[in-house]
Amino acid sequence: MALGFGLFLFLLLFGAPIVFALGVSSLVILTMVMDVPVAIVAQRLYAGLDSFTIMAIPFFVIAGLIMDAGGISRRIVALADALVGWITGSLLLLSVMAATGMGAISGSGSADTAAISSIMQPEIRRRGYDRDFAAAIIAAGGSLAAIIPPSLLMVVIASISNISVGALFLAGIVPGLIASAGLLGISYLYARRAGPQYRVTTPFDRGTLVRTFVNAIPAMGLPVIIVGGIIGGIFTPTEAAAVAVLYGLVVGIFLHRELKWRVLPRIILRAAAISASVMIILASASIFSWLVSNARVADSVGTLLREFSSNPATYLLIVNVLLLVVGMFMESIAAMLILVPVLMPLAMKYGVDPVHFALIVVFNLTIGFITPPYGIALYVAATVAERSILQVARKVWQPLLVMISTLLLITYVPSVGMWLPNLVLRQ
């Protein structure tokens with residue numbers, strides 16, 4: 001294992017993509033050290049994708065792209081503007097609320113960040129807001145798509161840990177809303193202390209609120225259909241994702257009439273590219289997971305940790321620190337596929353509920369979207385704002401405080417995340 005880990009680090013340091021570093025290092029250990037035939041490795045590579053649940057990923061990706069092209073993003077932003085446009089720092093509040101709403105549609109933190117940034121940044125510049133702080137807030141809000149269902153990260157961790165996607169979706173709702181509320185709070189406090197440009201608002205109008213709410217009803221129907229259908233046993237997560245695609249087509253083409261047939265091939269190609277990048281990581285990581293299982297790494301690490309402490313709270317603290325550091329340097333799905341096969345069995349031995357632990361892992365990697373140097377949502381927000389990553393990173397500490405506080409809350413008060421799945425699934 002030491003040889004494989006060293007080769008993995010060597011390849012990463014020399015700029016090899018994570019999928020090749022992971023796959024090559026695992027292949028070397030399996031074939032040269034453990035004497036596993038290459039044909040068996042190839043079979044395991046395919047078996048890593050031979051899962052009905054994993055088929056939900058491309059469907060969720062294309063559903064998000066279709067809903068965005070069909071005008072859903074603009075309607076969510078309009079509703080958020082009607083709700084908070086009259087409050088000090090309205091553009092910051094609007095960005096957080098719109099990102100939260102978009103998170104219930106796309107499931108992709110970077111896609112949400114790009115969509116909200118492109119809509120909000122022109123007006124942010126026009127009003128003279130601090131573009132660095134605004135970009136940091138937008139990145140943090142966009143990252144919530146990874147915790148608010150439907151979340152691609154949740155589908156992945158549920159498939160590799162053999163836990164209920166529906167239960168995990170339910171577990172993510174309250175923590176996502178708590179983090180969103182915290183981001184709204186710091187945005188308002190920042191605006192109160194800043195200059196007069198933050199007090200330029202639009203008057204509250206009840207008629208506008210009603211009209212934008214009605215226009216946004218189709219958008220709000222999507223997460224209800226997905227989560228409700230899964231929890232109600234109407235369809236599986238994969239079937240729910242396929243239904244979401246159909247729903248998006250009907251809304252975009254026939255209801256809003258903004259989605260044109262001629263753009264569908266381009267949307268499908270983009271969804272295929274995004275899905276393929278995820279799938280190839282899943283396949284290579286499945287070899288690594290198999291290697292970890294055969295080498296009994298979890299047992300060795302578990303013995304070491306139990307000698308250090310038998311307290312579950314201490315173990316969760318170690319996991320949080322580890323994942324926060326890893327999230328700074330590694331892509332979230334790759335980090336999850338590498339670490340969860342080791343960490344999840346240990347968590348269960350410590351008596352931690354697997355759904356609760358999966359929620360902790362996902363929220364940690366959600367924070368990784370905005371932690372430099374790798375934070376992809378931070379890069380997207382900075383690029384759209386036409387600012388350097390260093391300029392935006394200097395203002396990200398306030399959103400990070402909110403996110404880490406929420407992480408500690410769901411870690412050590414399990415009922416925050418677990419009461420909703422326990423309430424719904426117990427019936």
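The values are calculated or read from the model by the stated rules, or taken from the named source; none is laboratory data. Every value quoted in this text rests on a predicted model; they were computed, and no experiment measured them. All Cβ positions, even for glycine, are placed from backbone atoms using ideal geometry, and neighbour counts span all protein chains on display.
Tabulated data
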| read-out | value |
| --- | --- |
| Criterion violated by I274 - all others in (1) assigned by TED's automatic domain parsing to the domain that holds F133; (2) under 25 Å from I62 (Cα atoms); (3) under 23 Å from the mean Cα position of the chain (by Cα); (4) surrounded by 13 or more Cβ atoms within 10 Å (Cβ to Cβ) satisfied | (1) |
| Matching residues, region 361-379, being assigned to a helix (DSSP H, G or I) and surrounded by fewer than 22 Cβ atoms within 10 Å (Cβ to Cβ) | I376, Y379 |
| Failed criterion for Q427 (all others in (1) loosely packed, with under 15 Cβ neighbours inside 10 Å; (2) within 22 Å of V165 (Cα to Cα); (3) modelled with pLDDT of 90 or more hold) | (3) |
| Top-ranked residue of region 314-338 - restricted to ones that are free of Cβ contacts under 8 Å to residues at least 40 places away in the same chain and either surrounded by 20 or more Cβ atoms within 10 Å (Cβ to Cβ) or touching a Lys or Arg at 6+ places or on another chain (Cβ under 9 Å) (or both), ranked as nearest to V413 (Cα to Cα) | Y315 |
| Number of the condition not met by L222 [criteria: (1) over 18 Å from I147 (Cα atoms); (2) buried (at least 18 other Cβ atoms within 10 Å of the Cβ)] | (1) |
| Entirely in region 53-108, the helices (runs of 4 or more DSSP H) that have 3 or more residues that are modelled with pLDDT under 80 and under 30 Å from Y198 (Cα atoms) | 72-84, 90-106 |
| Cross-chain or 6+ apart pairs with Cβ under 6 Å, region 406-427 first and part of a loop (DSSP other than H, G, I, E, B), then not polar (S, T, N, Q) | P414/H356 |
| Identity of the residue in region 159-179, polar (S, T, N, Q) and surrounded by 18 or more Cβ atoms within 10 Å (Cβ to Cβ), that ends up nearest to I148 (Cα to Cα) | S164 |
| Test: residue in region 81-97 that is of a type outside the set (K, R) and farther than 26 Å from L209 by Cβ | no |
| Extreme residue, modelled with the lowest pLDDT, among residues of region 203-216 that are part of a helix (DSSP H, G or I) and surrounded by 13 or more Cβ atoms within 10 Å (Cβ to Cβ) | A216 |
| Scope region 180-202; condition loosely packed, with under 13 Cβ neighbours inside 10 Å and assigned to a helix (DSSP H, G or I); matching residues | R192, R193, P196 |
| Close pairs (6 angstrom Cβ cut-off, 6 or more residues apart or separate chains): crowded, with 16+ Cβ neighbours inside 10 Å in region 19-35, among the aromatic types (F, W, Y) anywhere | A21/F8; L22/F288; S25/F8; S26/F288 |
